[in-house]
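Down below is the structure, laid out as structure tokens.
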Amino acid sequence: MNQQLITQETLSEIGIDLHGQDVNALLAHINSTLQERIGAEISETLDDEQLKALLSLKETASEDEVSNWLDQNVPELKQIAQDEIDILLGELADNGEAINEAAK
């Protein structure tokens, strides 16, 4: 789940044009924030037993095994991820002018 869901192209589509050496750091921060938000939303959908199982799995299993568990136990996973992407992109778009100024 550590893939980059928001890319420089995604940001360009909402009017944010990043330049310079900080692009990768900003994208890493944005995607880390997104992963945290998705994780928090997933946690809210799980009961205590499922949450314990997921936390245990994260410590011992591969990323693919965790992803498979999530697919099986969180039927709304894709919708949760898309909702969080949309929310974060909306926030970024709302602050696009300031972000573009800071990137100059």
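Summary table
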quantity: Sole exception among (1) closer than 25 Å to Gly96 by Cβ; (2) part of a helix (DSSP H, G or I) for Ile6, by number; calculated: (2)
quantity: Residue that is nearest to Glu97 (Cα to Cα) [pool: residues in the stretch 10-47 that are outside any helix (DSSP H, G or I) and at pLDDT 95 or above]; calculated: Leu46
quantity: Selected residue (only one of Leu89, Leu70, Leu77 is farther than 16 Å from Ile42 by Cα, in contact (Cβ under 8 Å) with a residue 12 or more places away in the chain, surrounded by 12 or more Cβ atoms within 10 Å (Cβ to Cβ) and not acidic (Asp, Glu)); calculated: Leu89
quantity: Test: residue in the stretch 48-62 that is at pLDDT below 95, under 16 Å from the mean Cα position of the chain (by Cα) and farther than 15 Å from Gly96 by Cα; calculated: no
quantity: Selection count where residues are not in a helix (DSSP H, G or I) and not basic (Lys, Arg), scope the stretch 56-104; calculated: 7
quantity: Qualifying residues in the stretch 1-42 (those that are within 18 Å of Gly90 (Cα to Cα) and among the acidic types (Asp, Glu)) - the one surrounded by the most Cβ atoms within 10 Å (Cβ to Cβ); calculated: Glu41
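The values are calculated or read from the model by the stated rules, or taken from the named source; none is laboratory data. Values in this document were obtained by computation on a predicted structure and should not be read as measured data. When we count neighbours, we look across all protein chains shown, and the Cβ atoms used for this are built from the backbone with ideal geometry, even at glycine.
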